[in-house]
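The structure under discussion appears below in the form of structure tokens.
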Amino acid sequence: MSNLPSRSREFDLIAFDWDGTLFDSTKIIVRCIQEAVKDVGGQTPTDERAAYVIGLALGPALAHAAPDVPAHKYPELSKRYGHHYVNHKDDLTLFEGTLEMLNDLRSKSFKIAVATGKSRTGLNDALGTAALKDVFHSTRTADETAGKPDPKMLLELMEELRILPSRTLMIGDTSHDLLMAKRAGCASIGVSYGAHKGESLKEFDPLYIAPSIKDLHQWIVENG
């Protein structure tokens with residue numbers, strides 16, 4: 001990987017998590033996890049437990065959220081989650097100001113990408129729903145690389161776009177996102193409006209914890 005450093009800013013690549021960072025889907029995902037666990041006879045996880053697994057690959061996420069469900073029921077659990085998610089997918093919306101932020105960052109010649117725990121099919125559906133197919137320079141999903149906090153998807157994005165870790169900024173709403181960034185040698189920003197509380201993100205040394213898309217956008221423009 002190689003890239004000439006820009007003298008006018010700190011970063012060239014900004015990689016975003018999807019759910020809970022750009023897409024306002026946390027409450028729906030929590031509800032779908034809870035309904036799926038109940039469908040297969042497990043004890044309904046609390047909102048906090050269900051929210052914690054957002055950002056992980058689907059299999060490990062559901063297993064953590066439903067520790068009392070036996071392993072042989074995991075395929076059924078995944079199917080039930082998919083069933084509920086499809087029924088609710090039209091409820092999902094971008095956080096206010098997201099599209100304006102992304103378009104502005106592109107206009108300023110940042111490379112922008114997505115690194116998500118979603119499946120490729122799930123991300124493609126979401127990108128189509130949000131009319132975002134041509135906004136990102138590249139995207140990676142857990143099922144085609146490795147689930148967070150493994151840094152593989154972030155490393156692949158940097159290699160493809162020829163950006164060094166020191167010039168890459170990862171933005172996410174969970175500890176999984178920020179730990180992935182740390183393992184990839186990248187800086188990170190946490191957002192406190194998603195799945196994990198802002199306090200739980202501080203231990204991963206993010207440059208900033210943004211309380212809203214507006215604040216996130218402003219920080220990147222002024223400091224990124």
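Throughout, read-outs are computed from the coordinates displayed, never taken from laboratory work. As the structure is a computational prediction, the values presented were derived from the model and not from experiment. For neighbour counting, all protein chains shown are included, and Cβ atoms are generated from backbone atoms with ideal geometry for every residue, glycine included.
With the charge dipole of the chain set up from +1 on Lys and Arg Cβ and -1 on Asp and Glu Cβ about the Cα centre, the Cα lying farthest toward the positive end among the listed residues L207, L154, P45 is that of L154. Taking the average, over residues, of other Cβ atoms within 10 Å as the packing measure, peptides 32-39, 68-75 rank 32-39, 68-75 from highest down.
For S25, nonlocal amide neighbours, meaning residues 5 or more places apart or on other chains whose placed amide H falls under 5 Å from its own, are G20. The angle between the Cα long axis of helix 175-184 and the longest principal axis of the Cα atoms of the chain comes to about 50 degrees, rounded to the nearest 10.
Using the rule -39500 (n - 2.57) for each DSSP H run of four or more residues, divided by the residues of the chain, the 222 nm mean residue ellipticity is -12500 deg cm²/dmol. Spatially, region 178-218 and region 142-159 are offset by 18 Å when compared through their Cα centroids. With a simple spin-label model that places each label point 7 Å from the Cα along the Cα-to-Cβ direction, the separation between S138 and D68 comes to 4.4 nm.
Couplings 3J(HN,Hα) for region 136-141, derived from phi with the Karplus relation 6.51 cos²θ - 1.76 cosθ + 1.60 (θ = phi - 60°), are 8, 6, 6, 9, 9, 10 Hz, where x marks Gly and Pro. Packing-based ranking of 123-129, 185-191 yields 185-191, 123-129, ordered from highest to lowest mean Cβ neighbour count within 10 Å.
Helix 26-39 and the long axis of the chain differ in direction by around 20°, with both axes built from C-alpha atoms.
The slack between E160 and T46, meaning 0.36 nm per residue of separation minus the straight C-alpha distance, is 37.1 nm. Close amide H partners of S188, meaning residues 5 or more places away or on another chain with modelled amide H under 5 Å apart, are M170, L207.
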